Structure formats: C-alpha cells, structure tokens
Amino acid sequence: MPSKRMGRVNEDVKRELADILRSLKDPRIATMVTVVRTEVSGDLSYAKIFVSVMGDEAATKSTLQGLASANGYIRRELAARLKLRKTPELKFIADGSIAHGAHIAQILQSLDIPAEEDATDEQSEDAT
C-alpha cells in the first residue's frame, strides 16, 4: 500500500502532466487525451503514466508516438513545476478504461429498461 506521501506525489504528477499535455502543440497528440492515473516508483526514478485517448486505435498510436517524442520536454516542464529530488523517467501507456466505460454506458442505454414508473406501479399493486 503506497504511503500518503507517494499518493500525494502521484496526484501532483497527474495534475501537472494534465496541464502540460494541454499546452503541447504536436499535431500527433490528440486534443482529447486524458491522464487516467500515474504510478511513480518509490525512489522517484520511474513513472508510468496511463493515458486515455478518445478515438480509434490509430489516434491512440499516434498520440503515444507524439508523447514519446515530447518526453524530454514534458519531463523538463515537470521538473520545473514540481520540486522533487529526482524527476522520474516517464513511460506513457494507453489505457482504454474511459472508452470501455462509454461502451458499457451505450449498451445499458440501448437495453430499453422500463423507467421508474413501472417500478412504482408494481409497488402500489403489492400494497393493495
């Protein structure tokens, strides 16, 4: 279980990376890229950055390539914004959890489950 300090470091890195990614001008990086979560190692040497990209597989692949090429700039900006002893090496990993959640929501919406009206009708019938 990560300590409170590591939890704060993870959240700080996540917040600052989200801000840095919004300012990038690389056309390969999609405008709808979201930092889902970060996992910084205990010695602050490495950080896994899980990003979600809205779009198809090609958009995700191109965004990851753009992030990999901008890795030095992103790391330098992160070092300037966070006062850490070390600035971790960043590894960007695609995360499909947001797209998966949207797909599940779409499936649930298409099921045509009766609204609360039917549930209240059943309750009133049971009461009589």
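Read-outs throughout are calculated quantities, based only on the coordinates presented, and are distinct from any laboratory measurement. Not measured: the values here are computed from a predicted model. Because the Cβ atoms are built from the backbone with ideal geometry, glycine has one as well, and the counts that use them run over all protein chains shown.
Laid out as a table, the results:
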| quantity | calculated |
| --- | --- |
| Furthest towards positive pole of dipole, Ala99, Ser110, Gln65, structure part the chain, Cβ charges | Gln65 |
| Dipole magnitude of the chain, debye to nearest 20 (Cβ charges: Lys/Arg +1, Asp/Glu -1, about Cα centre) | 2000 |
| Inter-label distance for Glu89 and Ile107, nm, one decimal - labels placed 7 Å from Cα along Cα-to-Cβ | 3.8 |
| Candidates Asp95, Asp19, Asp112: whichever shows maximal mean-square fluctuation once the chain is modelled as a Gaussian network with Cα springs under 10 Å | Asp112 |
| Residue order, fewest to most beta carbons within 10 Å, for Ser41, Ser23 | Ser23, Ser41 |
| Per-bin percent of Cα-Cα distances, the chain [10 Å] | 11, 34, 23, 12, 9, 8, 2, 0 |
| Contact order relative to length of the chain, as percent, for alpha carbon pairs under 8 angstrom and 6 or more apart | 24 |
| Likely footprinting exposure, Thr31, Thr87, Thr63, fewest C-beta neighbours within 10 Å first | Thr31, Thr87, Thr63 |
| Coil-residue trypsin sites (Lys or Arg not before Pro) of segment 10-46, DSSP, other Cβ within 10 Å capped at 12 | Lys25 |
| Value at 222 nm in deg cm²/dmol, rounded to 500, when DSSP H runs of n ≥ 4 in the chain each add -39,500 (n - 2.57) | -17500 deg cm²/dmol |
| GNM top mover of Ile29, Ile49, Ile104 - the chain, alpha-carbon springs below 10 Å | Ile104 |
| Set of lysines with alpha-carbon distance to Lys91 below 19 Å, sequence-local pairs under 8 removed | Lys14, Lys48, Lys61 |
